[in-house]
Amino acid sequence: MSYQEINNNVVIDGYSITKGQITTPAGLLNPLNRIAGYGDTKQGIIVPLYEYPTYFSGSGDYQTVQSGAPFASCLILNGNSGPPSPMNNDWTNQLLQLRASGVMGIGYVPTNFGGTPIATVKAMIDVWYQDFITPQGAHNNLVAPIDGIFFDEGDFQASTQPYYLELYNYVKKKDNGSGANFVVLNPGSIPDESYMQAADVVCVVENTYAYYTATFPGTIPVWFPYYPANKFMHVVENVTDTTKLATVQAISKTTRGGYLYCIDSAGDYTKLAGDATATPAIWTNQVTWCQKMGLS
């Protein structure tokens, strides 16, 4: 990483920032520490896959994701817009199969943009942890805690950040030394910078190919380069062929996309990338890209 000062600007790896803009709001990282992550170029895949488990079949979308490990490093499990109801052994066994292949499994929890009572959200978190930490089924000699939580329908306003920070800390206390406390937050758009302290990864864009290629690059705030790329997740819809995929991948490399997932539908996460258009390369090319880039 290169660093130099020219007139009143700081230039980091060719990215110019006015010195007066490098500040340390309360609770955020020291600017020099934040700048240190700028040069990241690696990338991984966090996959939202809202399907019933297929571990028992030996094939299916879960198995396809598992074959993409370690580049497909995390999969979001969604039982019923939240924990499965009722929970059964299929979910625990699927999680164990994911983990055995090197893929983390994290549980889906909606938040209605901060409108769901925080006690209700914590109760959903508890279900994911309590039910998955109980030995079940054919693997009844093993303990399978969920690996973390995906908070969907996230808000982006500074006034709501304390709500998400409390939830983040609640999940972190579930760890008990197991490391099962990975938190992904999805506002679906760029939030106030304070949200970077309320999740391990923040999904800063969940939108269409048209929006991502024409508009998103122009919305990047000055504070993006202060954080490692693997703090950011991008999800792009309507990526219907490999040419579009290559365009998205090139943009993600210059817009802090430490995690990138592209699907060929208009937001149907009950299917894996490539399923909607019967174009498997939309998935396999994502894995190949990450292999070239290296792990996030």
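All of the numbers you see were taken from the coordinates with simple rules; none came from a lab. Small disclaimer: the values here were computed from a predicted structure and weren't measured. In this analysis, Cβ positions are derived from the backbone assuming ideal geometry, glycine residues included, and neighbour counts consider all displayed protein chains.
What shape does region 42-293 have by the C-alpha gyration tensor, where a ≥ b ≥ c are the square roots of the eigenvalues, rounded means a/c under 1.5, and otherwise prolate means a/b greater than b/c and oblate the rest? Display every interim value, and only then the final one.
Values: a/c = 1.81, a/b = 1.15, b/c = 1.57.
Taking the square roots of the gyration eigenvalues as a ≥ b ≥ c, region 42-293 is oblate.
Quick one: length gained pulling Asp126 to Asn89 fully straight, 0.36 nm per residue minus the C-alpha distance?
Full-extension gain reported as 11.6 nm.
Determine, for each peptide in 156-164, 52-60, the mean count of other beta carbons within 10 angstrom over its residues, then list the peptides with the highest first.
Answer by packing, highest mean first, reads 156-164, 52-60.
Work out, step by step, the length gained on full extension between Ser67 and Asp241: first 0.36 nm times the residue separation, then minus their alpha carbon distance; give nm to one decimal.
Net length gain for the segment: 60.5 nm.
Can you run phi through the Karplus equation (6.51, -1.76, 1.60; θ = phi - 60°) for region 198-212 and list ³J(HN,Hα) in whole Hz, with x for Gly and Pro?
Taking θ as phi minus 60°, the curve returns 10, 6, 7, 9, 10, 7, 9, 7, 9, 7, 7, 4, 4, 5, 4 Hz for region 198-212.
Past the 30 Å Cα-Cα mark, which pairs from Lys122/Lys244; Lys172/Lys244; Lys173/Lys231; Lys174/Lys253; Lys173/Lys292; Lys173/Lys271? Let's see the in-between values first.
Details: Lys122/Lys244 39 Å; Lys172/Lys244 38 Å; Lys173/Lys231 20 Å; Lys174/Lys253 34 Å; Lys173/Lys292 36 Å; Lys173/Lys271 33 Å.
Correct reply: Lys122/Lys244; Lys172/Lys244; Lys174/Lys253; Lys173/Lys292; Lys173/Lys271.
Just grab the label-to-label distance for Lys172 and Thr116, each label 7 Å out from Cα along the Cβ direction, in nm (one decimal).
2.1
Testing the spin-label approximation: label points 7 Å from Cα along Cα→Cβ at Lys42 and Asn80. State their distance in nm.
3.9
Compute the length gained on full extension between Thr288 and Val222: take 0.36 nm times their separation in residues and subtract their Cα-Cα distance, giving the result in nm to one decimal.
Gain in length upon complete extension: 20.7 nm.
How high is the relative contact order of region 42-293? Use alpha-carbon pairs under 8 Å, at least six apart in sequence, and give a whole percent.
It comes to 18 percent, rounded to a whole number.
What is the fewest-to-most order of Ile251, Ile220, Ile76, Ile149 by other Cβ atoms lying within 10 Å of their Cβ?
Ile220, Ile251, Ile76, Ile149
If amide H atoms are built 1.01 Å from N in the plane of the peptide, which residues on other chains or at least 5 residues away come under 5 Å of the amide H of Val47?
Cys74, Leu75, Ile76
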